[in-house]
Each structure stands twice: as structure tokens, then as C-alpha cells.
Amino acid sequence: MNGSREPRLLIYSQDGFGLGHQRRTTLLADEFLRSRPEASVLTVSDSPLGKFFSSATGHDYCKLPSVRKVGPGDWRPVSLSSSFADVLDVRRAMLRTTVEAFRPDVVLVDHMPHGAMGELIPTLEMLRDEPTAVVLGLRDILDAPAVVRERWRLEGAYEAVERYYDRVLVYGSADVFDVAAEYGWPDGARSKIRYCGYVCAAPPPDVAESVRSRYLSGDGDGHLVVAMAGGGADAYPFFDTLLDAVQPLQQAGPCHLVLVTGPFLPAERGRDLLRRAQGMPVDILTAVSDTVRYAASADLVVAMAGYNTTAEILSIGTPALLVPRPGPSAEQQMRARLFAERGWVDWLRPQDLTAPALGKAIHRALHRPRPTTPVCPPDLAGRTVGTARLIESLNETRSGPAPVVPRPAGPMQPDRGVRSLRDDDYLLA
């Protein structure tokens, strides 16, 4: 598929009901284009919001019909009235046709080795006969090890990694969470893993005083607390409890809260929060153009524990209190605990989420002295290191050498009932 035309990267990202995967892939696409400005990047995704994040020139977006998982083995179209089977056929055909027409040098598959319900298998089989590098990108924590091991074994995911992929990029650090060990990867798949560090946007050069003055005018010594929850689809209990904690917080000193609810918070829930916040030192926003700048301007960030939210909090160094969601996966609780053990954040267990407990945790986090001894910092180089790995793959395909790790021979049947790993995780930021 390579030749004399411009370098081409195609990204597949199933993100039917959230923002997390689109955020990560957009950051990687932008960094790829900074390294190779003459290149073209095409992201194929199904987010109902379309291309939500602005991105660099050279990056475009192809939307699949949106689907989401509503229960074990139960998938539904988000908008179309067609059956899921018909929508899956359309998505499968669109994926293969798009890859055939775009002729990418590198394909980056985000999160799901097979795609949703195995929809990528025909395309992956086709690519076995092409000089295209196929790369899998994974956040480090997917779910509890026992859950992932069982699902990947039943669904043939380990076999898919060995058969179809040249490299696996893990967006995290082995010393925080060793994906290969925790999830029991076989040797053939394990040898393909490259840890990149956490993927996050570049931090702003300085605190935006305009943000602080907008919300703290007249409060002098007051604190600014910014609360975030990524896409926000399951964030109502978090924001509901936070509003109940405002009054006791104010009794301990002036404090202004900015709640960034996310575009997927149900409209009626958003209206309820706005009604209850009347007369409180609280502003409620659906979204902001630069969440990193808001977080950098705060005295404390209170957030759910989605991957992108936590990585970007770490990148700016603002004190943070994480409140992970209770389920359906253990991913956010695992991340919050592991980060707190390293002294990077504070956290409150979801089963302890009450207004008094949350108010006390926020007060402690706001008034805790900064550590005098340095904490071992997180590896936040994922955006640049991950892109460098993609560039390596690009150079290999365009110069002609064989892939880094040979793919096993023999077809993998697409009718094995393969399902995606955990698509109800896509509420994650």
C-alpha cells in the first residue's frame, strides 16, 4: 500500500458513548502530523459527537454508524432503526472499503484487537497480504486481571494479537501496571509490547489567571475547585454528591466550584444540577475548550478516574482527588488506588461517596502541605514515545523490511462469536 505518495496513518477507534478513546487518538494523530507534516491521518470512529476535538491539518474523520453495548452480548444501534446485525454488516463493509481506498502505511487499532463484535477481522485478514504495519494501542488498565484473562481467552484476543499485529503500544508504565504479567499474555504476544508512558496533552505554559479571576473575583483568598468527569454519561451521582458537599465546604472557608459535566450527562440531570446550584458559589459548564488549562488554574481538581482525565491532571501537577466510578469495570478504582499509592493523587472509594466524606476529603486535599521530598514522577511521555513507535513502523513499511515480529500463518475465522473486551468502558475520559 505504500509508494511515492504521502505517508498515511489510519486509526480505528470504537468510541460509541464516550470521549476517552477519541481524545487519546487525536493527541497521537496531532503528534504524528507534527513529526510528519506532509502525512495524512484518517480516524475511523463512531462517536455520536463526530469529530469532537479540534486537530491538526492533515487529520480527517470517517464516521461509522454508532453502536453501544447495553448488556452482556446485547448491542444496539445508537441512532439507526435497523437491526444490530444489519448495522454491523454496514460497519464491517465500511471498514474494509475505507482501508482499501485509503491505502494506509500504518493502521493503529485502538483498544480492541478484533474491533467491536469482531468487525475488524475481515480487514485484518486483508492486511495480512499488504505491506501495512498493524499496531494495537492499549491503555494500561482494562479491567481486573481475572476478568480480562477470562474474556480474552474466550474471545481469542491473545490469538488475534499474535496473528495480526506487528506491535502493541501500551499507554502506561510497566512499573505501575505490568500488562503482560497481570493479564497473562503468551510469549508470542508479549514480545510485541512496547510501553510508552501515559498519553496526555502538553501542559499550558502558565496558569490562566483569567480563569481564576473569572470565578474568584472578590473572594481574595478563596479556593478554586474544578470538578471533571470526562464524557459524563455516568457522572450524575458524583456531581449530585458534590453539590451536597458545598455548604459544609463553605463553612470551612471561601471556595468556588466549577463543574464541567461533559456532553454525555443526560439533559434532565444537567437541568437538575443547574437548578440546585442556584445561589451557590458554583458554575456548571457542559464542556470547556481547554480542560487542561482549567485544571491547571485550580487549587484542586476533583475528578472521576478516567484515563485521560488522570493523565492530564498528572501532567499539570495540580493536587487532585479522584472519585472512581463503582463499575461496571474495576478499571477506574484500580487506577485511583495505584496512583494514590505512589503519592500522585488522593482518592475516595466509590462506596464511601457521601457528602460528608467528600467534603472532608476535599478540605484535607486543599489544606494538605505540599511534600518537601520529591515523589517519583509518572512517565508522561506517551504522546511522543507512542508517535515515535508509529513513525518507526511507517519507516519500515515505506523502506521495505519485513515487520518487526512475523505474523503467524493461517486464517482466523470471523464467525467465532468474538466480542469486544469491555465496551461499556467507553464512558471513560
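Quick notes
- Residue count for the stretch 203-220, restricted to those that are at pLDDT 75 or above and surrounded by 15 or more Cβ atoms within 10 Å (Cβ to Cβ): 5
- Those residues of the stretch 68-110 which are out of contact with any strand residue (DSSP E or B) (no Cβ under 9 Å at 6 or more places or on another chain) and part of a helix (DSSP H, G or I), in sequence order: A85, D89, V90, R92, A93, R96, T97, E100, A101
- Unique match (being on the phi > 0 side of the Ramachandran plot, of a type in the set (G, A, S) and modelled with pLDDT of 90 or more) among G58, G50: G58
- Those residues of the stretch 334-380 which are out of contact with any Cys (no Cβ under 7 Å at 6 or more places or on another chain) and farther than 27 Å from L249 by Cα, in sequence order: M334, L338, T373, P374, V375, C376, P377, P378, D379
- Restricting V288, V282 to residues that are touching a residue at least 12 places away in the same chain (Cβ under 8 Å), over 19 Å from Y198 (Cβ atoms), β-branched (V, I, T) and surrounded by 21 or more Cβ atoms within 10 Å (Cβ to Cβ) narrows the list to V282.
- Strands (runs of 3 or more DSSP E) fully within the stretch 256-324 counting 1 or more residues that are closer than 29 Å to G343 by Cα and under 17 Å from the mean Cα position of the chain (by Cα): 300-303, 320-322
- Flag for V70 being of a type in the set (A, V, I, L, M) and out of contact with any Phe, Trp or Tyr (no Cβ under 9 Å at 6 or more places or on another chain): yes
- Residue in the stretch 236-244 that is in the same structural domain as R389 (by TED's automatic domain parsing), modelled with pLDDT of 95 or more and hydrophobic (A, V, I, L, M, F, W, C) present: no
- Checklist (1) in contact with a Pro (Cβ under 9 Å, 6 or more places away or on another chain); (2) over 29 Å from R34 (Cβ atoms); (3) assigned to a helix (DSSP H, G or I) applied to P65, failing item: (3)
- When the stretch 140-151 is filtered for residues that are over 12 Å from Q332 (Cα atoms) and either of a type in the set (G, A, S) or at pLDDT 90 or above (or both), the ones remaining, listed by number, are P145, A146, V147, V148, R149, E150.
- Any hit, the stretch 194-204, residues being closer than 23 Å to A388 by Cα and assigned to a strand (DSSP E or B): yes
The values are calculated or read from the model by the stated rules, or taken from the named source; none is laboratory data. Quick caveat, the model's predicted, so the values are computed rather than measured. Ideal geometry is used to build each Cβ from the backbone, glycine not excepted, and the neighbour counts take in all protein chains shown.
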